[in-house]
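I'd like to ask you about the structure that follows.
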Amino acid sequence: MRSEDVQEKDEKVSRRDFLTISALATGALALLGIVAGVFRFFKSDASYEEARSFKIGKPENFPVGTFRNIADKKVFIVSDDAGVYAISSVCTHLGCLVYETDTGFQCPCHGSKYNQVGKVISGPAPRGLPWYEITQDVDGSLVVDSSREVPAGTKNRFS
Amino acid sequence: MNETGQSGISKFTGNLKTLADSFTSSVFRGGKPSSDKARASVIYNNFFMHIQGVKTHINTLRPSYTLGMGLIALFLFLIVVASGIFLMVYYNPSLENAFKTVKNINNVVFGGKVARNVHKWAGEGMIVFLFLHMARVFFTSSYKAGREFNWLIGIVLLILTFALNLTGYLLPWDQLSYWATVIVSNIMMSPKELTDSLGLTKFFDVGTFTTDFVFAGLNPGKESLNRIYLFHVMLLPIVISVFVGIHFWRIRKDGGLTKPEDFSVRNSDIGYVLEPDKTSGIFPTHKTYGLMELAKGKTPAVDKDIENTVMSWPNLLIAELAVLMVTLAGVLIYSYYIDAPLKEMANALIPENPAKAPWYFLGLQELLSYSAFMGGVGLPSAALLGLALIPYLDREQYKVGVWFTDSTGKKIAVESFIISVIVIIGMLVFAVNFGWLRNWFPEIPQLVITLINPGSIWVGFMILWSLFVIKRTGSTRMGAMALFVMFLVSYVILTYFATEMRGPNWGFYWSKSQWPIH
Ligand code: FES
């Protein structure tokens, strides 16, 4: 009878072990909570970035054959027979601004080259220059939204 | 009460006369030490000096052994901290003011330009001397058992020093800072290159997480500058100080610097060692002093080559003071003649052409220009991991403390030097002349470009070569030697190549003078 008692006691966690384990566990949990909180704190909730969609003016400002670099918005607006389209001027490698050349675009930083439609033809850039959505506002002016990408080759005619 | 019968006033004047002496002795408990015992107690009882042993091995004092590299790096750090505090008086980390205040410091503030130059050059000097120090430690086998952990701490210090320099580079908010910030934030995003091509970004977006953490958003803006400043003046210096403390404490506990097994005093040692004063003092010659005598186990310092130690005061202190003076003089002279650059104010619309990273990252930038992820994250991590593992993979304990181990070691070092110079130059020439995969197969998937590029091939070659050396010589030490030599060579050559031969559009030019004018 007595010896069974003792045995049972052995299998259970002793009071000391229980307290040690729970102390360690709560300590670990608290630490985890703090770390998570710190990371969450660092994640910025307010962003000071500019709005990513902007008006560029009436369609008649972009007759066929237009090639315009809207530098402060980091986008090229091109217009040809098939319509108007917007290509980003930010290199997809590490974010330098590309400039136009006879054959397309060229990045000054690590030598990425793109063709006229923004496809990578050489250099380290991992993907082509993104094309942005162009829509028309009620007042008739064109709106480029650089947070929305469209498949390369999407050209729209507006009037 | 008057105990001696002197008048109060004469006692007072007497005290006044001996003020200098009594003040000195209140600071330095024992006064100027005149015996070995007193010399020992100076080191032992002094807050700043007790980090050093009471006695120092003659080998440690030989200038040709340590070359003072680690010490120089430490002094440079102290200079950086001191000059940094001066710059903080005028600098303001906001988008509107950052550039103006730096300009102010440069052009208006009294002594501002020198303070800024000193800060900048001492900071960059830290990188140079950390590398040299690391090479010294490596080539004298000083990372071997008992000291492996301190080698790791050293690598942590190297990384922190890079971070310290980089964050400082971003603060002036001129064109260099701005475009470096853009590039760094994009490098932090670059793990996406890998997760994207594996389709993992949804679950595990490390790129966005770290970028947001450091720059408060994905495009560098006013919040970014604030954070970078915080990292630069608070977080990194504090963490570095802590690790420096651990680094030095470990040196003490590991029994001082390494020394060769068969050390013997040479005649030339007399030139910089004062003979111990055997006539006074309480110390027998066959012991070191410290708690370690009470502990069981392998304590490296006890009873090892005690005859060849000398008192740290004054031997070690003179040497340290000399290094400090040389370091200070070097920094001041350099800063007097060479100004830290300051370009126009940051302009988000006009990238620099070529947009180059600070020189200590240019070697990486060369690799970046093959793949953002590999060059910016993958290969540096691989290199650091390799360096960290060296003491755990090479545990041979012979000839510790001897430069280049033995004649085979010298041979392997020279051989690896020649081979790495040839291979890496060959690789660069090839990539410049023939381009790389994308130029030949435009449709190639990005994953292939990420994994197979000149950078990763070079690292693969280094690994294979050192395995080959291990096989040939039957020694892991020789393999480590080959790997380390190749690492240093590639760092230097890539840095030189990217600094001098990469021009506008990252094109190849034989020298800067051939850059097209634009
Ligand atoms: S940022 Fe354009 S090539 Fe690197």
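Using a 7 Å offset from the Cα along the Cα-to-Cβ direction at both B:Lys103 and B:Trp440, what is the distance between the two label points in nm, to one decimal?
About 5.1 nm, to one decimal.
Okay, moving on. Ignoring everything but the protein chains, give the 1.4 Å probe accessible area of A:Tyr48 in square angstrom, nearest 10.
About 140 Å², rounded to the nearest 10.
With the cut-off at 1.5 for a/c, could you classify the protein assembly as shown from its C-alpha gyration tensor as rounded, prolate or oblate?
Note, shape of the protein assembly as shown comes out prolate.
Can you find, among A:Tyr99, B:Ala73, B:Trp121, the residue sitting farthest towards the positive end of the charge dipole of the protein assembly as shown, where Lys and Arg contribute +1 and Asp and Glu -1 at Cβ?
The residue sitting most towards the positive pole is B:Ala73.
Cα-Cα over 31 Å: which of A:Lys119/B:Lys120; B:Lys113/B:Lys356; A:Lys119/B:Lys103; A:Lys74/B:Lys356; A:Lys73/B:Lys356; A:Lys74/B:Lys103?
Checking Cα-Cα distances, A:Lys119/B:Lys120; A:Lys119/B:Lys103 exceed 31 Å.
Next question, about the same structure. Within a 10 angstrom radius of each residue's Cβ in A:123-133, how many Cβ atoms of other chains show up on average? Whole number is fine.
Mean partner-chain Cβ count within 10 Å for A:123-133: 4.
What's the FRET efficiency of B:Asn347 with A:Ala82 using the Cβ-Cβ distance as r and R₀ = 45 Å, to the nearest 0.05?
0.85
Which residue, A:Ala125, B:Ser369, B:Thr60, has the largest displacement toward the positive end of the dipole of the protein assembly as shown when charges sit on each Cβ (Lys, Arg +1; Asp, Glu -1)?
Projecting each Cα onto the dipole axis, the largest value belongs to B:Thr60.
Which of the peptides B:482-489, A:27-34 is most tightly packed, and how do the rest follow, judged by the mean count of other Cβ atoms within 10 Å per residue?
B:482-489, A:27-34
Sort segment B:402-518 into rounded, prolate or oblate with this rule: let a ≥ b ≥ c be the square roots of the eigenvalues of the Cα gyration tensor; rounded if a/c is under 1.5, and if a/c is not under 1.5, prolate when a/b is larger than b/c, oblate otherwise.
Oblate shape, in that a/c is at least 1.5 and b/c is the bigger or equal ratio.
Using the Cα centre as the reference, give the magnitude of the dipole from point charges on the C-beta atoms of the protein assembly as shown (Lys, Arg: +1; Asp, Glu: -1; all else neutral), rounded to the nearest 20 debye.
1320
So which of A:Lys113/A:Lys155; B:Lys144/B:Lys253; B:Lys144/B:Lys399; B:Lys259/B:Lys399 end up more than 18 Å apart by C-alpha?
Listed pairs above 18 Å: A:Lys113/A:Lys155.
From the helices alone, meaning DSSP H stretches of at least four residues, give me the mean residue ellipticity at 222 nm for chain B, per-run term -39500 (n - 2.57), in deg cm²/dmol to the nearest 500.
-19500 deg cm²/dmol
Next question, about the same structure. Could you work out what % of the accessible surface of the protein assembly as shown is carbon and sulfur, using a 1.4 angstrom probe and leaving DNA, RNA and ligands out of the count?
Heavy-atom surface of the protein assembly as shown belonging to carbon and sulfur, 1.4 Å probe: 66 percent.
Please tell me the relative contact order of chain B in percent, rounded to the nearest whole number, where contacts are Cα pairs under 8 Å and at least six residues apart.
21
What is the extension gain from B:Lys222 to B:Lys17, computed as 0.36 nm multiplied by their sequence separation minus the C-alpha to C-alpha distance, in nm to one decimal?
Difference between extended and current length: 67.8 nm.
In peptide B:215-223, what is the residue-averaged number of other protein chain Cβ atoms found within 10 Å of each Cβ?
Other-chain Cβ atoms within 10 Å of each residue's Cβ, averaged: 4.
Any idea how far the Cα center of segment B:42-75 sits from the one of segment B:151-198, in Å?
Segment B:42-75 and segment B:151-198 have Cα centres spaced 34 Å from each other.
Is chain B best put as rounded, prolate or oblate by its Cα gyration tensor, with a ≥ b ≥ c the root eigenvalues, rounded for a/c under 1.5, and otherwise prolate when a/b is larger than b/c, oblate when not?
Oblate, since a/c reaches 1.5 and b/c is not below a/b.
I'd like the mean, over residues of B:346-357, of how many other protein chain beta carbons sit within 10 Å of each residue's own Cβ.
4
Below 8 Å between Cα atoms, with a sequence gap of 6+, how large is the relative contact order for segment B:1-139 in percent?
Across segment B:1-139, relative contact order equals 21 percent.
Follow-up question, since we're still on this one. Work out the length of the dipole vector of chain B about its Cα centre, built from +1 on the beta-carbon of each Lys and Arg and -1 on the beta-carbon of each Asp and Glu, and round it to the nearest 20 debye.
Using only the charged Cβ atoms, the result is roughly 740 debye.
The values are calculated or read from the model by the stated rules, or taken from the named source; none is laboratory data. Keep in mind the model is a prediction, meaning the values are calculated, not measured. In this analysis, Cβ positions are derived from the backbone assuming ideal geometry, glycine residues included, and neighbour counts consider all displayed protein chains. Note: accessible area is taken over every heavy atom of the protein model, side chains too, but ligands, DNA and RNA are not part of it. Shrake-Rupley method; radii C 1.70, N 1.55, O 1.52, S 1.80 Å.
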